[in-house]
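Visitor: What follows is a single structure, and I will ask about it in a moment.
The values are calculated or read from the model by the stated rules, or taken from the named source; none is laboratory data. Quick caveat: nothing in here was measured; it's all calculated off a predicted structure. Counting neighbours? That spans all protein chains shown, and the Cβs are built from the backbone with ideal geometry, glycine included.
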Amino acid sequence: MNRYLIALDLDGTTLNADGQLSAGTIAVLQAAQAAGHLVVIATGRPDAISEQFYDALKLQGPMINFNGALIHMPHRHWQYEKEVTIPIPVALSLRQLKQAFAFKVMVAEGKRLLVADRPYANIPFLPDRLHPDALLDEQGLRQAPISVTMFMEAKIFKPVARQVAALYPHLAAKTWGAWSGEYTALEVTSRNTSKSRALAYVAGCYGIDQSHIIAFGDDMNDLDMLQFAGHGVAMKNARPAILAAADAHTPSDNEHDGVADYLADYLKLA
């Protein structure tokens with residue numbers, strides 16, 4: 001049997017419009033694991049808001065978070081765990097962007113880390129912190145973060161991204177599609193991280209050839225992953241650039257079990 005590494009983006013791909021796993025998707029992905037394939041979540045999300053899906057799928061291998069900057073096994077030690085962080089002084093210096101731009105909130109995140117520059121509530125994908133124990137400052141940030149994320153109105157997203165690129169050439173500014181509109185988010189991580197590099201690392205740990213990697217995605221932070229994989233699959237609901245770059249497309253969108261339908265047919269799962 002050819003063992004495949006199946007790499008799954010979450011939002012807009014494996015999760016439906018309500019941000020949930022359908023029963024059909026769970027069944028097919030568990031069948032893929034039972035058949036001996038390695039199923040790996042590869043998401044821009046932090047670990048704290050990804051682990052419930054890892055657990056629901058009963059995954060046994062590693063998970064990729066922060067667009068490739070964290071590779072780990074939730075709930076247990078893994079000797080090959082890899083984390084690429086931003087030095088604390090650099091993370092704190094990103095606060096200078098607030099002099100020119102108005103952000104809803106700025107947060108530094110890492111494995112089991114979330115520190116914001118102010119108290120906040122009702123920010124998508126973040127737990128309310130009305131009375132935080134620490135803030136994003138010299139006293140509060142004691143652990144090197146993996147990312148610094150700025151939540152903002154969509155109209156200033158591109159100018160902020162350009163400013164980050166100009167001031168911090170060693171960092172990369174990305175987003176993921178679940179954040180948009182009033183709460184568009186720009187996530188800054190080390191430039192030498194990506195979903196494709198993380199996939200190559202995981203495949204090497206398990207001895208799986210690049211040609212046996214199947215990757216699913218829908219947004220621009222999935223582009224390098226789909227191009228790297230031996231078989232890159234774009235969701236029917238993917239952005240045009242992703243559809244154009246992929247080797248194949250799912251027959252249905254994320255709201256209608258697109259990943260599950262494609263995998264069941266491709267891997268001949270019962």
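Visitor: If ILE26 satisfies every condition in (1) in contact with a Ser or Thr (Cβ under 9 Å, 6 or more places away or on another chain); (2) closer than 25 Å to HIS256 by Cβ but one, which is the exception?
Guide: Status for ILE26: all satisfied but (1).
Visitor: Answer yes or no: is there a residue in the stretch 56-67 that is modelled with pLDDT of 95 or more and over 19 Å from TYR206 (Cβ atoms).
Guide: yes
Visitor: Does ALA27 satisfy the criteria of being in a helix (DSSP H, G or I), touching a helix residue (DSSP H, G or I) at 6+ places or on another chain (Cβ under 8 Å) and at pLDDT 95 or above? Give the derivation first.
Guide: Values: in a helix (DSSP H, G or I): yes; touching a helix residue (DSSP H, G or I) at 6+ places or on another chain (Cβ under 8 Å): yes; at pLDDT 95 or above: yes.
Considered against the rule, which asks whether it is in a helix (DSSP H, G or I), touching a helix residue (DSSP H, G or I) at 6+ places or on another chain (Cβ under 8 Å) and at pLDDT 95 or above, ALA27 comes out as yes.
Visitor: Would you list the strands (runs of 3 or more DSSP E) that sit entirely within the stretch 160-270 and hold 3 or more residues that are out of contact with any His (no Cβ under 6 Å at 6 or more places or on another chain) and over 15 Å from ALA7 (Cβ atoms)? Lay out the reasoning, then the answer.
Guide: On the way: elements: 171-174, 184-190, 213-217, 231-234.
It comes to 171-174, 184-190.
Visitor: Please verify whether the stretch 231-240 includes one or more residues that are under 21 Å from ALA31 (Cα atoms), of a type outside the set (A, V, I, L, M) and surrounded by fewer than 20 Cβ atoms within 10 Å (Cβ to Cβ). Before the answer, list the steps.
Guide: Taking the stretch 231-240 as the starting set, the residues that turn out to be under 21 Å from ALA31 (Cα atoms) are 231-233, 235.
So of that shortlist, the ones also of a type outside the set (A, V, I, L, M) come out as 231-232.
If we keep only those that are surrounded by fewer than 20 Cβ atoms within 10 Å (Cβ to Cβ) too, we end up with 231.
Yes.
Visitor: Can I ask one more? Keeping to the stretch 46-79, report how many residues are among the aromatic types (Phe, Trp, Tyr), surrounded by fewer than 24 Cβ atoms within 10 Å (Cβ to Cβ) and assigned to a helix (DSSP H, G or I). Give the derivation first.
Guide: Within the stretch 46-79, the first condition is being among the aromatic types (Phe, Trp, Tyr), and the residues that meet it are 53-54, 66, 78.
Now drop any that are not surrounded by fewer than 24 Cβ atoms within 10 Å (Cβ to Cβ), which leaves 53-54, 78.
The next check asks that each one be assigned to a helix (DSSP H, G or I); those that pass are 53-54.
Going through the stretch 46-79 one residue at a time, the tally reaches 2.
Visitor: How do the pairs read when you match residues in the stretch 1-23 that are assigned by TED's automatic domain parsing to the domain that holds HIS231 and free of Cβ contacts under 8 Å to residues at least 40 places away in the same chain with residues anywhere that are in a helix (DSSP H, G or I) and surrounded by fewer than 19 Cβ atoms within 10 Å (Cβ to Cβ), using Cβ under 8 Å and keeping only pairs 6 or more apart or on different chains?
Guide: LEU21/ALA56
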